[in-house]
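Student: Here you go, one structure.
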Amino acid sequence: MTSTNLSEIDAILAPCYQNMDKATLEAVPRVAEENATKWTVADLFIRQWLNNMSDGFGMRNVQETFMYLVSKKDVLVEKRLISKDGYNNSGFSLWKDYIFDDSPIADPSFVQRLKSLK
């Protein structure tokens, strides 16, 4: 990967970097590798939102960051910044074939309605 590619990736992932603690950020890759055992920076935010719908595990502003990632889905897939499939630690599928934005919790109005029930 050239430095141009890395700077482009860093620009895309900047909102993730700003909302992740340093220790977590240093432990995860930017780009998804085939058959990788580590989640990417973007994967972690997507997993956190789809699984927990809250901040945590070294990440903050998870909902806003997830919505940003939804808006950048095409470039995330093109640049291999997300994994093809995602699942939680119990093995429950969170997304398949890069489709992480079709869940009701990917819709901000649904989330607002859900929060109003609390």
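Student: Testing the spin-label approximation: label points 7 Å from Cα along Cα→Cβ at I99 and L117. State their distance in nm.
Tutor: If labels sit at I99 and L117, their model points lie 2.4 nm apart.
Student: Please identify, among A32, A11, A42, the residue showing maximal mean-square fluctuation in a Gaussian network model of the chain using a 10 angstrom Cα cutoff.
Tutor: Highest fluctuation of the listed residues: A11.
Student: Which length gain, in nm to one decimal place, applies between N61 and S7 when the Cα-Cα distance is subtracted from 0.36 nm times their residue separation?
Tutor: 17.1 nm
Student: Determine, at each q value in 0.28 (inverse angstroms), the log₁₀ of I(q)/I(0) that the Debye formula gives when each Cα of the stretch 34-95 is one equal point scatterer.
Tutor: Each listed q corresponds, in turn, to -1.35.
Student: Can you tell me the relative contact order of the chain? Whole percent, Cα pairs under 8 Å, sequence separation 6 or more.
Tutor: Computed value for the chain: 22 percent relative contact order.
Student: Can you give me the pair-distance distribution of the chain, C-alpha pairs, 5 Å bins, whole percents?
Tutor: Distribution as computed: 2, 11, 23, 26, 21, 10, 5, 2, 0, 0 percent.
Student: Ranked from the most accessible area to the least, with a 1.4 Å probe and all protein chains present, what is the order of K96, K79?
Tutor: Most to least solvent-accessible, the answer reads K96, K79.
The values are calculated or read from the model by the stated rules, or taken from the named source; none is laboratory data. This is a predicted model, so every value here is computed, not measured. Note that we place each Cβ from the backbone using ideal geometry, even for glycine, and neighbour counts take in every protein chain shown. All accessible areas refer to the heavy atoms of the entire protein, side chains included, with ligands and DNA or RNA removed. Shrake-Rupley method; radii C 1.70, N 1.55, O 1.52, S 1.80 Å.
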